[in-house]
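Working notes, structure below.
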Amino acid sequence: MIKNVMVVDDDFNVRTALARELRFNGFNAIPAETGLMALNKLEKQSVDVVITDIRMPVMDGVEFIKQVVSEHPAIQIIILSGTVTKDVIQAIGPYRDNILDVMAKPWDGDTLIALLKAVTS
């Protein structure tokens, strides 16, 4: 069964590569360049998992996660970032029930796909 996974990253190459990898593995990838664009898409489309960067223009990943959890509490979140500091970990602490994992860029595709398959089965 195809599951909807939103990819939120301001880096075109990361967003495109990740979406391609997800599609290759049977997921419906929904790309979004910013947190604001992603929130607009979430109003129109059902999503099971969001994969998001932390450092993004317009709305950073922490604020995006806060709004996703507030408005769509059933959505699970994977943080995929090149920069995850102690401050970021503390900031996302209140939302830990929705956060499946925090992964570093570059990501391990096998680990990411295995996690997604485990939570969307």
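Descriptive notes on the structure:
- Candidate set: region 1-27, residues that are among the polar types (S, T, N, Q) and over 18 Å from Ala74 (Cα atoms); chosen: the one surrounded by the fewest Cβ atoms within 10 Å (Cβ to Cβ): Asn13
- Cβ pairs under 6 Å, 6+ apart, first in region 15-29 and at pLDDT 95 or above, second charged (D, E, K, R) and in a helix (DSSP H, G or I): Ala29/Arg23
- Lys66 being crowded, with 16+ Cβ neighbours inside 10 Å, under 21 Å from Ala118 (Cβ atoms), modelled with pLDDT of 90 or more and of a type in the set (D, E, K, R): no
- Output for region 72-121, where each listed residue is under 25 Å from Lys44 (Cβ atoms), hydroxyl-bearing (Ser, Thr, Tyr) and free of Cβ contacts under 8 Å to residues at least 40 places away in the same chain: Tyr95
- Every condition in (1) surrounded by fewer than 12 Cβ atoms within 10 Å (Cβ to Cβ); (2) in contact with a Leu (Cβ under 6 Å, 6 or more places away or on another chain) holds for Ile78 except the one numbered (1).
- Test: residue in region 41-54 that is crowded, with 17+ Cβ neighbours inside 10 Å, assigned to a strand (DSSP E or B) and not aliphatic (A, V, I, L, M): yes
- Whichever residue in region 86-121 is within 19 Å of Ile54 (Cα to Cα) and polar (S, T, N, Q) and, among such residues, is modelled with the lowest pLDDT: Gln90
- Residue in region 104-120 that is closer than 18 Å to Arg15 by Cα, part of a strand (DSSP E or B) and out of contact with any Gly (no Cβ under 9 Å at 6 or more places or on another chain) present: no
The values are calculated or read from the model by the stated rules, or taken from the named source; none is laboratory data. Nothing here was measured: the structure is a model prediction, and the numbers come from that model. As a convention, Cβ positions derive from the backbone with ideal geometry for all residues, glycine included, and neighbour counts pool all protein chains shown.
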